[in-house]
Amino acid sequence: MWCQRLAWLLQGRCRQRGSTGRRWPWLPQDPRPILAAPVRCHPTATESPQCAWQLHRDHLELKYGNTLMRLDFVWLRDHCRSASCYNAKTNQRSLDTASVDLAIQPQAVRVDETTLFLTWPDGHVTRYRLEWLVKNSYEGQKQRVMHPRILWNAEIYRQAQVPSVDCRSFLETDEGLKEFLQNFLLYGIAFVENVTPTKEDTEILAERISIIRETIYGRMWYFTSDFSRGDTAYTKLALDRHTDTTYFQEPCGIQVFHCLKHEGTGGRTLLVDGFHAAEQVLRQAPEHFELLSKVPLKHEYVENVGGCHNHMIGVGPVLNVYPWNNELYLIRYNNYDRAVINTVPHDVVRRWYHAHRALTAELRRPDNELWVKLKPGKALFVDNWRVLHGREAFTGYRQLCGCYLTRDDVLNTARLLGLQA
């Protein structure tokens, strides 16, 4: 049942009319019949900003502003925000979803300038602000990004002149912490200056924003080039760009680096925005992007050195995206740790290699490489789900410490400071 003709919609009016079976030409055709007599619709406000709605057998079709939403009746009942259905203090659902009739239909529907009202068969009334529905509907989420970001290559990052945050400001003020987190969320990397070059002070720094994630490498790792573990990182060799712990079921979210001492040459750190490279692949060859986001791969780490015995396997595609808006949230790229490709049939594997080669070419473009010389007192935080890191070969004695942070805690800290994360 349409609320008004198309001409009235363009004038921003929303008045109820009887069911005529007419459809707006820009709406997809729904072969299911419109729900008839049992549903009683009340008149809406005479002046509502481009609002119109129609009832179908199992859902409500609602257009508000520029968003056309299709809202299932079960969904509308399940998400009721009334006091008996939802605890606003804890933001938790009180309604038992399993108690909702899967064939439920509202007895009455009404829309005014700001609110949708639904009366259910048991007399319960559900109210939704239209803006809330736009924000929380599937169609609304498709138009939004979960994590606002600035994609960068080396020149973009340099021109942005992203400031480092002083250690004292970072540790002692919300303003300094918020500035740091905003830089980190936007660019995937952030620096803190004037840190006392010790493992203990680096640990204090990390704990300001997160619980430290203990892994097979311990809580705070501290190493020199002594090959004390079965990992290339413990050598003086160059390391190609990669993300860490791809062999974990959930790769570590944030990595902290602090160079405590280096008596020698070389050893610059390489940083590459993996999301920027993936975006270029999406623009140039979307079929490659799609393949990299759908084909699952195994990554493996086997270690039998001294008292360390580990066998880790993580599974996932190179590119991980939210399915509703195709937004990239995790890149799992490590050519060192990628295991035997035995999860891809023969008619797909060659296409996967072409796609992987396209992404690798972007990641290795010189203009995408940001080289940074880490030094005592300058700590680097890296989003391991986004930014790849590497290292040039070095000489001499080099001490590095750092840790992994839990991603949930970092994002929680950011949200508590009012940032979108």
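The values are calculated or read from the model by the stated rules, or taken from the named source; none is laboratory data. The structure presented is a predicted model; accordingly, all values stated were derived computationally and were not measured. Virtual Cβ from ideal backbone geometry, glycine too; neighbours counted across all protein chains shown. SASA here: full protein model, heavy atoms, side chains in, ligands and nucleic acids out. Shrake-Rupley method; radii C 1.70, N 1.55, O 1.52, S 1.80 Å.
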(message) Can you find, within the range 216-247, the residue that is surrounded by the most Cβ atoms within 10 Å (Cβ to Cβ) among those that are at pLDDT 90 or above and among the polar types (S, T, N, Q)?
(response) THR246
(request) Output the residues belonging to the range 245-285 that are among the small types (Gly, Ala, Ser) and more than 17 Å from the chain's Cα centre (by Cα). (result) GLY264, GLY266, GLY267, ALA285
(message) Please go through the range 274-304 and give me each residue that is touching a strand residue (DSSP E or B) at 6+ places or on another chain (Cβ under 6 Å), open to solvent by less than 40 Å² (accessible area, probe 1.4 Å) and either within 18 Å of VAL372 (Cβ to Cβ) or among the basic types (Lys, Arg) (or both), ordered by number.
(response) GLY274
(message) Suppose we filter the range 143-185 for residues that are modelled with pLDDT under 95 and more than 27 Å from ALA277 (Cβ to Cβ); how many remain?
(response) 0
(request) Can you run down the residue pairs with Cβ atoms below 7 Å, 6 or more apart or on separate chains, where the first is in the range 58-79 and within 17 Å of ALA108 (Cα to Cα) and the partner is outside any helix (DSSP H, G or I) and of a type in the set (Phe, Trp, Tyr)? (result) LEU60/TRP53; GLU61/TRP53; LEU62/TRP53; ARG77/TRP120
(message) Take GLN92 and tell me if it is farther than 30 Å from ALA277 by Cα and either among the basic types (Lys, Arg) or open to solvent by 60 Å² or more (accessible area, probe 1.4 Å) (or both).
(response) yes
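To keep it simple, each residue is scored yes or no on (1) within 30 Å of TRP371 (Cβ to Cβ); (2) without any contact (Cβ under 8 Å) to a residue 40 or more places away in the chain.
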residue: ASN91; (1), (2): no, yes
residue: PRO106; (1), (2): no, no
residue: THR114; (1), (2): no, yes
residue: ARG129; (1), (2): no, yes
residue: TRP152; (1), (2): yes, no
residue: VAL162; (1), (2): yes, yes
residue: LEU171; (1), (2): yes, yes
(request) All but one of (1) at pLDDT 95 or above; (2) in contact with a strand residue (DSSP E or B) (Cβ under 6 Å, 6 or more places away or on another chain); (3) open to solvent by less than 10 Å² (accessible area, probe 1.4 Å) hold for GLY267, so report the exception by its number. (result) (1)
(request) Give the residues of the range 290-308 that are assigned to a loop (DSSP other than H, G, I, E, B), out of contact with any Gly (no Cβ under 8 Å at 6 or more places or on another chain) and on the phi < 0 side of the Ramachandran plot, sorted by residue number. (result) VAL295, GLY307
(request) Would you tally the residues in the range 381-421 being open to solvent by 30 Å² or more (accessible area, probe 1.4 Å) and in contact with a helix residue (DSSP H, G or I) (Cβ under 6 Å, 6 or more places away or on another chain)? (result) 1
(message) Tell me whether the range 364-380 contains one or more residues that are surrounded by 19 or more Cβ atoms within 10 Å (Cβ to Cβ), closer than 23 Å to ALA278 by Cβ, assigned by the TED database to the domain that holds TYR222 and of a type in the set (D, E, K, R).
(response) no
(request) Take ILE331 and decide whether it is touching a Ser or Thr at 6+ places or on another chain (Cβ under 7 Å), closer than 15 Å to LYS294 by Cα and surrounded by 12 or more Cβ atoms within 10 Å (Cβ to Cβ). (result) yes
(message) Out of the residues in the range 336-358 meeting the condition of being of a type in the set (Val, Ile, Thr) and within 27 Å of the chain's Cα centre (by Cα), tell me which one is most open to solvent (accessible area, probe 1.4 Å).
(response) THR343
(message) Pairs needed: first member in the range 320-338, closer than 10 Å to ARG386 by Cα and assigned by the TED database to the domain that holds LEU239; second member anywhere, of a type outside the set (Gly, Ala, Ser) and part of a loop (DSSP other than H, G, I, E, B); C-beta distance under 6 Å; at least 6 residues apart or different chains.
(response) LEU330/TRP385; ARG332/THR246; ARG332/VAL318; TYR333/THR243; TYR333/VAL318
